[in-house]
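Student: Sending over a structure as structure tokens; questions will come in a sec.
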Amino acid sequence: MTFNFGMILDMVVCLCQGVSDKQVREAIAKGASTRKNVTRACGAGAGCGGCHESIREIIRAHRAAASESKEGPEASAGYAPAPAAALA
Ligand code: FES
């Protein structure tokens with residue numbers, strides 16, 4: 001048996017509609033900021049509702065990543081660069 005580790009598999013988030021995490025992330029990247037918006041954009045969550053929390057989790061992860069990229073890695077690490085005068 002041979003595995004292709006270079007291949008990235010999408011994870012199905014919504015079984016009812018057959019929507020992957022990639023499709024949900026694409027919907028979020030295009031502006032869907034709530035679970036209902038994601039459902040309108042790609043269909044995920046339009047059935048039984050069992051995936052709603054997973055969709056919300058992807059939205060939260062997207063917001064956290066966007067927030068971190070705005071603040072920079074130092075901000076999320078809890079430290080800031082020392083001013084040059086403090087090092088003299
Ligand atoms: S699994 Fe998404 S609506 Fe049922």
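A short reminder: the numbers here are calculations on the coordinates, not readings from a lab. Source: prediction; values computed, not measured. Here the Cβ positions follow ideal geometry from the backbone for every residue, glycine too, while neighbour counts run over all protein chains shown.
Student: Hey, what did segment 12-71 get for relative contact order, percent, Cα under 8 Å, at least 6 apart?
Tutor: Relative contact order, segment 12-71: 36 percent.
Student: Given points 7 Å out from each Cα along the Cα-Cβ axis, report the residue 60 to residue 30 separation in nanometres with one decimal.
Tutor: Roughly 2.6 nm, to one decimal.
Student: Residue by residue through segment 37-50, what is 3J(HN,Hα) from phi via Karplus (6.51 cos²θ - 1.76 cosθ + 1.60, θ = phi - 60°)? Round to whole Hz and write x for glycine and proline.
Tutor: 5, 5, 4, 5, 6, 10, x, 4, x, 8, x, 6, x, x
Student: Just how many % of Cα pairs in segment 12-71 lie over 18 Å apart, if you round to the nearest whole percent?
Tutor: The calculated P(r) of segment 12-71 puts 24 percent of pairs beyond 18 Å.
Student: Set the Förster radius R0 to 22 Å, insert the Cβ-Cβ distance between residue 53 and residue 22 as r into 1/(1 + (r/R0)^6), and round the FRET efficiency to 0.05.
Tutor: Calculated value: 0.75.
Student: Can you give me the long-range amide H partners of residue 13? Hydrogens built in the peptide plane at 1.01 Å from N, cutoff under 5 Å, separation of 5 or more residues or another chain.
Tutor: 19, 20, 21
Student: So, one more: Exposure proxy check: 39, 34 ranked by fewest other beta carbons within 10 Å?
Tutor: Neighbour counts put them in this order, fewest first: 34, 39.
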